[in-house]
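As structure tokens, the structure follows; a few thoughts come after it.
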Amino acid sequence: MSATTQQGKALPGSLAANPLLAQWLRFKPEGTVEVSPGKVEIGQGILTALTQIVADELDVEPARVKLKVASTAGSPNEGVTSGSLSVQQCGIALRHACAEARAMFLAAAAERLGVEAGTLAVEDGTIVGPENARTSYWELAGFVSLDVPASGKAAPKPAAARRHTGHSAARVDIPDKVFGRPRYIHDLKLPRMLHGRVLRPQARGAALVALNEEAARTVAGFVALARDGNFVGVLAETEAAAERCLALLRSGAEWRGGEEFPDEAKLTDWLKSQPVETKTVDSRETARAGSPAGRMRRQYSRPFIAHGSIAPSCALARWSGSGVHVWTHSQGIYNLRAELAAVLKLPLEEVVVEHAEGAGCYGHNGADDVALDAALLARAADGRPVRVLWTREDELTRAPFGAAMAVEIEAELDGEGEILRWRHELWSNGHAARPGRGSNPVLLAASELAEPFPRVVSTNPPLPAGGAERNAVPIYDLPAWDIVSHRLLVMPVRVSALRSLGAFANVFAIESFIDELAAERGEDPVAFRLRHLGNPRARAVLEAAAGRAGWGSRRGGEGTGYGVALARYKNMGAYCAVVAEVEGEEDIRVRRLVLAVDVGEVINPDGVKNQIEGGAIQATSWTLKEAVRFDRTRITSDNWEDYPILKFSEVPAVEVEILSRPEEPPMGAGEAAQGPVAGAIANAVFDALGVRVRSLPITRDNIIAAMELS
Amino acid sequence: MSGTSKAMAERVKLRVNGAETAVEADPASPLLGVLRETLGLTGSRFGCGAGLCGACFVLIDGHAVPSCDTPLWAAAGKEVTTVEGLGTPEHPHPLQQAFIDEQAMQCGYCVSGILMSAAALLRRNADPSEAEVREVLDRNLCRCGAHNRMVRAVLKAAREMGAA
Ligand code: FES
Ligand code: FES
């Protein structure tokens, strides 16, 4: 269902699916503009960028722009806030909706003032004509109905006429956060609210065979126990009481069965020996591909990675009559609503899902799961609202992980070591098991109920976005390639979308392999890449990063090394090149990362920098330190000591250069750095130590293992 | 409701953000819960409940400590400062101002705890080096990768405070 313009062209961004202008904006009598985005704040600063876009297009001061919290009770349905698409989809929709609204108001003003629309200007919402004729959006609001679909006729302002976008506006959410004001879902407090906690098994699909409820029932403040099959939760008057009850329930619970975890020490072998669905996701053939004189084959891998948000997932729910209202930090309120309705067996209209900000979100984490937990527990609360908070352990063990991957790349080479043919083969679970996308609910508790929904094995959306195969197609101009993806059909470790999906491992593998080829030829890694790179924007970021990092005059050796890598996110999004400088012998320290990015039009330069810096630092953490640990029966990395992430003293200096392209469509910045950072660090480690670490993370153990291999 | 655990609740006197207050609670319960639930001071965040992430840090007699891991009795009679007591929009603490100036966060969930760690540091050491700032903040985790901005902000606040 997507609306088109009167000329038959699809409306831009999310306007296509939500053409009604009034869904996007309204002028309020108090002199503000209420804007209703369907995308949500997940720590990426989107609210600020949207404010800038609206302020520009309507010619109002940003302070007049009031953003409404997204809710299924009225917000446009923009799917999921993911894939670095918020500016493309929501920002662009708002830009066009505002342009259209502005044109309608100017037409109405022209009529009222008896002047030509072309003679009117807008100053902070006041519409000014010749001889001081004046009116305003707000004066005219009763006469101009925005309850009409967008026509697609009004053109947004040209780049040069924008005053707010393109500049670093201060983030609108930051003051609340530095003064500790309630802002997060965790801070929401509803009258008569109860606290809920959920008891969970260690293994997926384990059955609860014994439960001792008595001890929990004696805790002061205990209210109710809710059980539905293997789903068990407790309600109490206070958080402390709820936690006590949970601890008591846990010690008296016995679980049996459940899926066995793979052997962690042989994870790559395990990935390569499971039942799979195999697909050639891309191939290329040109006349240049001749017969080979040699070949090179390497295997790369990454482990399971946890989202590790600093806040455990949280949700609130309240039943009234036959329906339920849920507060969530989910990335997709409409999808969550569909899923909740399916599990709770309710018509869609009986479920309202409202967004509230959570802590940083890096993909499909526990936010949706805990929303179902809250809805289930609230059924036992007699109409009182219930707040459910996951434990840190739940967050690090029960939320979906980023999938482990094995990638094998093989190149056929001519006598000079030039690439004739390239084969990229990967083994991985699918990277997508988001709620509301398939026919079967995927929320954790759905598979725990007395009438359970089957546990879902994750899948991959098709290229160009792709899941496991995201960025598996090289950005380089190679004569021939085959890209093959093996998707696992079993899933003992629960996985779904984590920031950049397969791009992290694929770019790490491709950029490592390219480096290995360049090294074999004794060619400079930047020069080698440039020689295979026709795309001018890709070349530009590579040259910019190399230039800024002083690539030509670098001095390696003595435990110091430099590495470079680049990618275009999803092969259709932002361009990012990275130069990494590392030091160390056994424990690697990344000293400095220099990144150059091209995200097309930049709405908020500091916002883009912030996201790239953040992505680069998180990717450094993944690359050097992170792996989900498990034995055959449980995830053992269930606290921050066993799942260490990068600390302040370990964080590299990060420099970001943005290549400005105001006339190009904007592209998201959130995920562009992940893969290139891993590649650049691994290549720098080789430069420093002469050893290729092909299994992430690059820890002391993996370096030693790699040395023994070579 | 059973009376067994109720008997454990006691009246505990606290001094929070300069004001005397008293709460009815189990003295063994974590300070964080009392701050957030009983006193409505939700600026201190829950992250792990185990003293490992720093999201819940408050000052007790000037030292940054995990309030998730500090029993209420241990705070009794001492000076507790939370992020709400650090400064206000009208009178921001130089650290708060510097965090705004440097746009030093992404999601910001870690920020209250980091502000408290930094405030404790600047009380002890008015002119810390960058390495000292980083070392002190190692007890605080940030998953969004806003570390460098925060370090810059702390150093900036130190300079402002030195100049004042
Ligand atoms: S919540 Fe207290 S240190 Fe993590
Ligand atoms: S800003 Fe999100 S955890 Fe630090």
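Here is how the numbers come out for the structure above:
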{"quantity": "Per-selection Rg to Rh, the stretch A:13-164 - Cα, Kirkwood hydrodynamic radius", "calculated": "0.96"}
{"quantity": "Those lysines that a straight Cα-Cα span of less than 22 Å connects to A:Lys647, excepting residues fewer than 8 apart in one chain", "calculated": "A:Lys177, A:Lys609, A:Lys625, B:Lys156"}
{"quantity": "Rough spin-label spacing in nm, given labels placed 7 Å along Cα→Cβ, for A:Ser710 and A:Arg634", "calculated": "3.9"}
{"quantity": "Interchain or long-range residues, amide H under 5 Å from A:Ala220's placed H", "calculated": "B:Ser5, B:Lys6"}
{"quantity": "Per-residue mean of C-beta atoms belonging to partner chains within 10 Å, peptide A:611-617", "calculated": "5"}
{"quantity": "Principal axis box of the stretch A:117-237, alpha-carbon based, largest edge first, Å", "calculated": "82, 34, 34"}
{"quantity": "Longest exposed-site-free window of chain A, the sites being GluC sites (Glu not before Pro) in a DSSP loop that have at most 12 other C-beta atoms within 10 Å", "calculated": "A:117-259"}
{"quantity": "Average other protein chain Cβ within 10 Å of Cβ, residues A:165-178", "calculated": "5"}
{"quantity": "Long-range HN-HN contacts of A:Ile127 with modeled amide H, under 5 Å", "calculated": "A:Thr135, A:Ser136, A:Tyr137"}
{"quantity": "Amide H within-cut-off set for B:Leu41, under 5 Å, with H built and near neighbours excluded", "calculated": "B:Arg36"}
{"quantity": "Rotationally averaged projected area of the stretch B:1-137 (alpha carbon convex hull; nm²)", "calculated": "9.3"}
{"quantity": "Cleavage-rule hits, trypsin sites (Lys or Arg not before Pro), the stretch A:1-110, DSSP coil, Cβ neighbours within 10 Å at most 12", "calculated": "A:Lys9"}
{"quantity": "Spin-label model distance (nm) - B:Ala19 vs A:Glu586, 7 Å beyond Cα toward Cβ", "calculated": "5.4"}
{"quantity": "Tensor-based shape of chain A (alpha-carbon gyration tensor, a/c under 1.5 rounded, otherwise prolate or oblate)", "calculated": "oblate"}
{"quantity": "Pairs of alpha carbons in the stretch B:94-163 whose separation is greater than 16 Å (percent)", "calculated": "35"}
{"quantity": "Mean Cβ count within 10 Å, highest first, over the residues of peptides A:681-687, B:80-86", "calculated": "A:681-687, B:80-86"}
{"quantity": "For the stretch A:415-423, Karplus couplings with θ = phi - 60° (6.51, -1.76, 1.60), whole Hz, Gly/Pro x", "calculated": "x, 8, x, 8, 7, 9, 8, 9, 10"}
{"quantity": "Helix B:147-163 axis, angle to chain B major axis (alpha carbon atoms, nearest 10°)", "calculated": "80"}
{"quantity": "Under Karplus coefficients 6.51, -1.76 and 1.60, residue-wise ³J(HN,Hα) of the stretch A:686-697 in Hz, glycine/proline x", "calculated": "4, 4, 7, 10, x, 10, 8, 9, 9, 10, 7, x"}
{"quantity": "Probe 1.4 Å, protein heavy atoms only - accessible area per residue of the protein assembly as shown in square angstrom", "calculated": "36"}
{"quantity": "Shape parameters for the stretch A:434-495, alpha-carbon atoms, Rg then Dmax in Å", "calculated": "16.0, 56"}
{"quantity": "DSSP bridge orientation in chain A - percent antiparallel, rounded to nearest 5", "calculated": "75"}
{"quantity": "For the stretch A:539-610 versus the stretch A:71-133, the gap between their alpha-carbon centres in whole angstrom", "calculated": "39"}
{"quantity": "Cα shape, the stretch A:607-646, gyration tensor, a/c 1.5 rule", "calculated": "prolate"}
{"quantity": "Geometric extent, Cα atoms of the stretch B:10-85 - Rg, Dmax (angstrom)", "calculated": "10.8, 29"}
{"quantity": "Cα coordinate range in the stretch A:527-602, projected on the principal axes (Å, largest first)", "calculated": "39, 22, 18"}
{"quantity": "Residue-wise HN-Hα coupling along the stretch A:254-265, computed from phi with Karplus coefficients 6.51, -1.76, 1.60 (Hz; x: Gly, Pro)", "calculated": "10, 10, 9, x, x, 6, 7, 6, x, 6, 4, 5"}
{"quantity": "Qualifying aspartates and glutamates (Cα of each under 16 Å from Cα of A:Lys68; at least 8 residues distant if same chain)", "calculated": "A:Glu30, A:Glu34, A:Glu41, A:Glu78, A:Asp173, A:Glu354, A:Glu357"}
{"quantity": "Residue-averaged beta-carbon neighbours from other chains (10 angstrom radius) around A:353-361", "calculated": "3"}
{"quantity": "Charge context of A:Arg163, other residues only, Cβ under 13 angstrom, K/R +1, D/E -1", "calculated": "-4"}
{"quantity": "Reachable aspartates and glutamates, given that their alpha-carbon falls under 12 Å from the alpha-carbon of A:Lys157 and they are not under 8 places away in the same chain", "calculated": "A:Asp56, A:Glu57, A:Asp59, A:Glu100, A:Glu663"}
{"quantity": "Kirkwood Rh, angstrom, the stretch A:477-607 [1 / mean 1/r, Cα pairs]", "calculated": "16.7"}
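The values are calculated or read from the model by the stated rules, or taken from the named source; none is laboratory data. It should be emphasised that the depicted structure is a prediction, and the values quoted were computed from it without experimental measurement. Neighbour counts run over all protein chains shown; Cβ positions are idealised from the backbone, glycine included. Side chains included, ligands, DNA and RNA excluded: accessible areas come from the protein's heavy atoms. Shrake-Rupley method; radii C 1.70, N 1.55, O 1.52, S 1.80 Å.
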